[in-house]
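Asks: Okay, handing you the structure first.
No value in this document is a laboratory result; all are computed from the given coordinates. All values reported here derive from a predicted model rather than from experimental measurement. Positions of Cβ are generated from backbone atoms using ideal geometry, with glycine treated the same way; all protein chains shown enter the neighbour counts.
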Amino acid sequence: MNKIFHYIKKLPFIKEDNAFAQLIRTYIVGGVNLVFGLVLVYIFQFFIFSNIEIPLRTYLTNIGSFFFGVIISYFLSRKIIFKLSSKKGNLKEFVSFVVTNLINLIFPLLIWYAIDSYKPSIQENELQFLLATVLINGIILPIKYLIYKFFVFKDSLES
């Protein structure tokens, strides 16, 4: 196991700190966040909020998973994407991160609203629901990276 970690640490996108390496790490962190978020979404959608009617259940699911996910995402983004100390962030940066991540909340809610108008059965089928969630989140990931780099973590990266 130690050899695996040693090999991983030498990979260019892990070791280097250029924009391309950061973007690759953004997708890695995004993948971790996505898996964590999908677990939360699944638990909320099909267990915790299962007695609530659709589409309200889907909206509550997205809001609930957002709040848990944004906190984890902040620390992973600081540490892994931008190689900053996870302990040295400040309140202004965290608030900017949360505001930026409202994209992760609002955009999916708008998409789910459109899906509810077109084909609401997608929200009831577990596989279709998870696939749609993956596609929606994959689309906005590069946009979030640019916002993180040039606005949210800009001051920390410059110091």
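Asks: If you take the charge dipole of the chain about its Cα centre, with +1 on Lys and Arg Cβ and -1 on Asp and Glu Cβ, which of Pro55, Asn101, Ser117 is farthest toward its positive end?
Replies: It is Asn101, whose Cα lies furthest towards the positive end.
Asks: Go through Ile140, Leu157, Ile72 and say which Cα lies farthest out towards the positive end of the charge dipole of the stretch 2-158; charges sit on Cβ, +1 for Lys and Arg, -1 for Asp and Glu.
Replies: Sorting the options by dipole projection puts first Leu157.
Asks: Okay, which of the stretch 83-106 sit inside 16 Å, backbone N to the point 7 Å along the Cα-Cβ direction of Asp155?
Replies: What the label zone holds, given the 16 Å backbone N cut-off, is 85, 87-100.
Asks: Helix check for the chain. Which DSSP H runs span at least 20 Å along their own axis by Cα, with a mean Kyte-Doolittle hydropathy no less than 1.0?
Replies: 19-43, 56-76, 91-118, 126-147
Asks: Which of Lys10/Lys87; Lys92/Lys149; Lys87/Lys154; Lys3/Lys149; Lys15/Lys79; Lys92/Lys154 have a Cα-Cα distance over 20 Å?
Replies: Lys10/Lys87; Lys3/Lys149
Asks: Please rank Lys15, Lys144, fewest neighbouring Cβ atoms within 10 Å first, as an exposure proxy.
Replies: Taking fewest neighbouring Cβ atoms as first place, the list is Lys15, Lys144.
Asks: Note down the magnitude of the dipole of the stretch 2-158 about its Cα centre, charges +1 on Lys and Arg C-beta and -1 on Asp and Glu C-beta and zero elsewhere, to the nearest 20 debye.
Replies: For this selection, approximately 840 debye.
Asks: Now a separate question. In percent, how large is the relative contact order of the chain, given Cα pairs closer than 8 Å and 6 or more residues apart?
Replies: So the answer I get is 27 percent.
Asks: Right, another one. Of the listed values (i) 1.18; (ii) 1.36; (iii) 1.13, identify the label whose number matches Cα Rg over 2.2 N^0.38 Å calculated from this model.
Replies: Correct label is (iii).
Asks: Let me ask something additional. With springs connecting C-alpha atoms under 10 Å apart, model the chain as a Gaussian network and identify which of Glu126, Glu93, Glu53 has the largest mean-square fluctuation.
Replies: Glu53
Asks: Something else now. Given the -39500 (n - 2.57) contribution per DSSP H run of 4+ residues, what per-residue ellipticity at 222 nm results for the chain, rounded to the nearest 500 deg cm²/dmol?
Replies: Taken over the chain, the calculation gives -23500 deg cm²/dmol.
Asks: Hey, another quick one. Among Phe68, Phe153, which comes first, second and so on when ranked by fewest other beta-carbon atoms within 10 Å?
Replies: Fewest-to-most ranking of Phe68, Phe153: Phe68, Phe153.
Asks: Starting with the fewest neighbours, write out Thr100, Thr58 ranked by other beta-carbon atoms found within 10 Å of each beta-carbon.
Replies: Final ranking by Cβ density, sparse to dense: Thr100, Thr58.
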